[in-house]
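Chemist: Below is one structure. I have some questions about it.
The values are calculated or read from the model by the stated rules, or taken from the named source; none is laboratory data. What you see is a predicted model, and the numbers here were worked out from it, not measured in a lab. For neighbour counting, all protein chains shown are included, and Cβ atoms are generated from backbone atoms with ideal geometry for every residue, glycine included. These area figures cover heavy atoms from the full protein model, side chains too; ligands, DNA and RNA do not enter into them. Shrake-Rupley method; radii C 1.70, N 1.55, O 1.52, S 1.80 Å.
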Amino acid sequence: MAIERTLSIIKPDAVAKNVIGQIYSRFEGAGLKVIAARMMQLSQADAEAFYAVHKERPFFKDLVSFMISGPVMVQVLEGEGAILKNRDLMGATDPKKADKGTIRADFADSIDANAVHGSDAAETAAVEIAFFFPAMNIHSR
Ligand code: RTP
Ligand code: MG
């Protein structure tokens, strides 16, 4: 399988729970490398732009207010099949439906406060990575 990059966000609920390290361990345990990272407080405009694909969805307003409710940890993960591998580690969007042992099953509280974001395809990964990181801040290794 090809080496890919994906954009991961540890959402405000998981940052507040102090489980950044535990989530990073899961990335590392699955062979994914953190090749860029930044902790930040998203503005309303940032969150609306990042989730623009969902702007007509009924949950958009709640999603944006949740994403700006506290700092997030944003990273680029690199590795074989990184996009799908990260989605597998995350588990289903609704933690009640997420497989045992996934990040969302273990750390998420609800479909809104669901601990992590991960890009869902190569095209969205490229757009999402460029949204947060200039090429000079990505350190492939
Ligand atoms: P993400 O984009 O955050 O990685 O999550 P996802 O692909 O699993 O889910 P997506 O369909 O892209 O939705 C983005 C985020 O919106 C919230 N959501 N709420 N109340 C609802 O029905 C609902 N559906 C989605 C979730 O926080 C989801 O992660
Ligand atoms: Mg999504």
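Chemist: I need the full set of residues from segment 22-42 which are open to solvent by 30 Å² or more (accessible area, probe 1.4 Å), closer than 13 Å to VAL116 by Cβ and in contact (Cβ under 8 Å) with a residue 60 or more places away in the chain, in order please.
Modeler: Listed by number, the residues that qualify are GLN22, ARG26.
Chemist: Quick check: is even one residue across segment 20-33 in a strand (DSSP E or B) and more than 13 Å from the chain's Cα centre (by Cα)? Break it down into steps so the answer makes sense when it comes.
Modeler: Our first condition is that a residue be in a strand (DSSP E or B); within segment 20-33, this holds for 33.
Still in the running and more than 13 Å from the chain's Cα centre (by Cα): 33.
Scanning segment 20-33, I find at least one residue that is in a strand (DSSP E or B) and more than 13 Å from the chain's Cα centre (by Cα), so the answer is yes.
Chemist: Here is a follow-up. If you go through segment 43-59, how many residues are farther than 22 Å from GLU123 by Cβ and either more than 16 Å from ligand 2 (Cβ to nearest atom) or acidic (Asp, Glu) (or both)?
Modeler: Initially, segment 43-59 is screened for residues farther than 22 Å from GLU123 by Cβ, giving 43-45, 58-59.
Filter again for either more than 16 Å from ligand 2 (Cβ to nearest atom) or acidic (Asp, Glu) (or both), leaving 43-45.
Summing the residues that are farther than 22 Å from GLU123 by Cβ and either more than 16 Å from ligand 2 (Cβ to nearest atom) or acidic (Asp, Glu) (or both) in segment 43-59 gives 3.
Chemist: Is one or more of the residues making up segment 87-97 within 25 Å of SER140 (Cβ to Cβ) and part of a loop (DSSP other than H, G, I, E, B)? Step through it out loud before you land on a result.
Modeler: As a first pass, look at segment 87-97 and keep what is within 25 Å of SER140 (Cβ to Cβ): 87-90.
The next check asks that each one be part of a loop (DSSP other than H, G, I, E, B); those that pass are none.
No, segment 87-97 has no match at all.
Chemist: Return the residue satisfying two criteria in turn: it lies in segment 51-93 and is surrounded by fewer than 14 Cβ atoms within 10 Å (Cβ to Cβ), more than 19 Å from ASP13 (Cα to Cα) and basic (Lys, Arg), and of such residues it is nearest to ligand 1 (Cβ to nearest atom).
Modeler: My answer is ARG57.
Chemist: Let me ask you something else. State which residue is surrounded by the fewest Cβ atoms within 10 Å (Cβ to Cβ) when the search covers only segment 1-21 and only residues that are more than 20 Å from MET136 (Cα to Cα) and among the charged types (D, E, K, R). Talk me through it step by step, then tell me what you get.
Modeler: Residues of segment 1-21 that are more than 20 Å from MET136 (Cα to Cα), as a first pass: 1-2, 10-21.
Right, trim to among the charged types (D, E, K, R) and you get 11, 13, 17.
On the way: LYS11: 23, ASP13: 21, LYS17: 16.
Selected residue: LYS17.
Chemist: Could you list, in sequence order, all residues of segment 81-98 that are over 16 Å from ARG26 (Cβ atoms) and among the acidic types (Asp, Glu)?
Modeler: Selection gives ASP94 alone.
Chemist: Looking at ALA98, ALA125, ALA121, which is the one that is in contact (Cβ under 8 Å) with a residue 12 or more places away in the chain, within 16 Å of ligand 2 (Cβ to nearest atom), hydrophobic (A, V, I, L, M, F, W, C) and open to solvent by less than 20 Å² (accessible area, probe 1.4 Å)? Step through it out loud before you land on a result.
Modeler: Details: ALA98 fails: in contact (Cβ under 8 Å) with a residue 12 or more places away in the chain; ALA121 fails: open to solvent by less than 20 Å² (accessible area, probe 1.4 Å).
The unique qualifying residue is ALA125.
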